[in-house]
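Note sheet for the following structure.
The values are calculated or read from the model by the stated rules, or taken from the named source; none is laboratory data. Here the structure is a predicted model, which means the values were calculated and not measured. Cβ atoms come from the backbone with ideal geometry, glycine included; neighbour counts cover every protein chain shown. The accessibility values were calculated without ligands, DNA or RNA, using every heavy atom of the protein model including side chains. Shrake-Rupley method; radii C 1.70, N 1.55, O 1.52, S 1.80 Å.
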Amino acid sequence: MEQGYRNASIALTDEMMLHNVRQLQLAQHLQPSEVLQRDGNGVPAFSVEMETGTGKTYVYLRTIHELHQCYGWKKFIIVVPSVAIREGVLKNLAITREHFADLYNKPEMDYYVWDSKKTGQAREFATNDTLQIMVITIDSFAKAQNVMNRQSDYGRPLDFIKATHPVVILDEPQNMETDIRRNAIASLNPLCTLRYSATHKHLYNLLYRLTPVDAYDKGLVKKIEVHS
């Protein structure tokens, strides 16, 4: 393939996916979806609602490894709304790498933050036939003048990304609901979007909900103690 390796398309029909979604929802005591919901760009979208501070980043990093192991998908992009969240994700990737290597038989993996000064990154993401995880802030590719959208010596970075048909993970998607940001996400040519937040603005095929009460009952809430 001229521009690299691509995730295989989803083999299931909408009816099959809806059946699976409904089975998960019923198991979680959630309202079953009536139809397979797609986002405003027509892409299959799935939501996970988790209280802040309960391990959301770990959950979607483990989901990446599960999807890689079960379906062979290798191209994943994590879109975040801010540099602070981006740095938190990068830290999580670093500290969980050995943990996930033990759980998933040491898959060959690269992860990195999109760096506009390294335009060859997009080509490497596309052409490496290994698990690839790119973390990128929404504002670094939402405008036409962003390096991601401009021609370079390696070609236009976005064209390499689009060719891979990546699974796109949206961290705090309620911050990406403007037309410009939705169009930017669509420009990545997602296979599907997985949306993780405690405060979704729109829910698509909600698969799991961890409420504040659930988090407290399960002892998952980070606690603060005052030292006298």
Item to complete: Working carefully through the options Asp171, Asp159, Asp214, Asp179, find the one that is within 15 Å of Val79 (Cα to Cα) and of a type in the set (Asp, Glu).
Response: Asp171
Practice prompt. Kindly provide the set of residues from region 185-228 that are in a strand (DSSP E or B), open to solvent by less than 60 Å² (accessible area, probe 1.4 Å) and either modelled with pLDDT of 95 or more or not aliphatic (A, V, I, L, M) (or both), ordered by number.
Written response: Cys192, Thr193, Leu194, Arg195, Tyr196, Ser197, Leu206, Leu207
Worksheet item: In region 15-30, which residues are open to solvent by 60 Å² or more (accessible area, probe 1.4 Å) and not in a loop (DSSP other than H, G, I, E, B)?
Response: Glu15, Met16, His19, Asn20, Arg22, Gln23, Leu24, Leu26, Ala27
Fill in: Qualifying residues in region 31-51 (those that are touching a helix residue (DSSP H, G or I) at 6+ places or on another chain (Cβ under 8 Å), part of a loop (DSSP other than H, G, I, E, B) and more than 14 Å from Leu191 (Cβ to Cβ)) - the one most open to solvent (accessible area, probe 1.4 Å)
Gln31
Discussion item. Regarding region 137-151, can at least one residue be identified that is closer than 27 Å to Ala101 by Cα and part of a strand (DSSP E or B)?
Written reply: yes
Item to complete: Find all pairs meeting these conditions: Cβ atoms under 6 angstrom apart; at least six residues apart or on different chains; first residue within region 188-209 and over 22 Å from Thr137 (Cβ atoms) and of a type in the set (S, T, N, Q); second residue open to solvent by less than 20 Å² (accessible area, probe 1.4 Å) and part of a loop (DSSP other than H, G, I, E, B).
Response: Asn205/Ser33
Worksheet item: When you go through Ile64, Ile78 one by one, which is the residue that is part of a strand (DSSP E or B) and open to solvent by less than 20 Å² (accessible area, probe 1.4 Å)?
Response: Ile78
Worksheet item: Can you tell me how many residues in region 165-184 are open to solvent by less than 10 Å² (accessible area, probe 1.4 Å) and outside any strand (DSSP E or B)?
Response: 4
